[in-house]
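A short write-up of the structure that comes next.
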Amino acid sequence: MVKPIMRDVFFLGQKSEKATTDDMDVATDLQDTLRANKDRCVGMAANMIGVRKRIIIVDMGFVSVVMFNPVILKKDGPYETEEGCLSLDGTRKTTRYRNIELEYTDTVGTRRKQKYSGQIAQIIQHECDHLEGIII
Ligand SMILES: [Zn+2]
């Protein structure tokens, strides 16, 4: 189901809780809501649709990947950039890392380790920040 985008800074400023297999329906809502906002959005965290659970979705171009309980294990290659967010107006400066190693659980419950770089890595870092209550 397409959900409205949360813009309440107090809600978005809170840390999200560990996700479980009971939260699988949130994955579907994230897929639907990302698709509905595809022209201006490349990723979302569950709190952006009002669910304070550690779930993100990342647009990888050919497919959108939902990740449960993502943890950035390693990062290198810091750089300064500017980002926008559906939950905010305008853009903000931030530091991101070119390469990351991520651990997450996929939608069938398998824990995976994967390396990402460039724009996909940047989107993942932005969405993982949301889980900590950080909006850019
Ligand atoms: Zn955002």
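Coordinate-derived values only; no laboratory data. This one's a predicted model, so the numbers in the text were calculated from it and none came from an experiment. Methodologically, a virtual Cβ is constructed for each residue, glycine included, from the backbone with ideal geometry; neighbour enumeration extends over all protein chains shown.
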Of all residues making up the range 17-31, the number that are surrounded by 13 or more Cβ atoms within 10 Å (Cβ to Cβ) and either over 11 Å from Asn69 (Cβ atoms) or touching a Pro at 6+ places or on another chain (Cβ under 6 Å) (or both): 6
Strands (runs of 3 or more DSSP E) contained entirely in the range 36-136, each with at least 1 residues that are closer than 20 Å to Gln14 by Cβ and aliphatic (A, V, I, L, M): 43-45, 55-59, 64-84
Residues being more than 17 Å from Lys3 (Cα to Cα) and more than 14 Å from the ligand (Cβ to nearest atom) - total across the range 65-95: 17
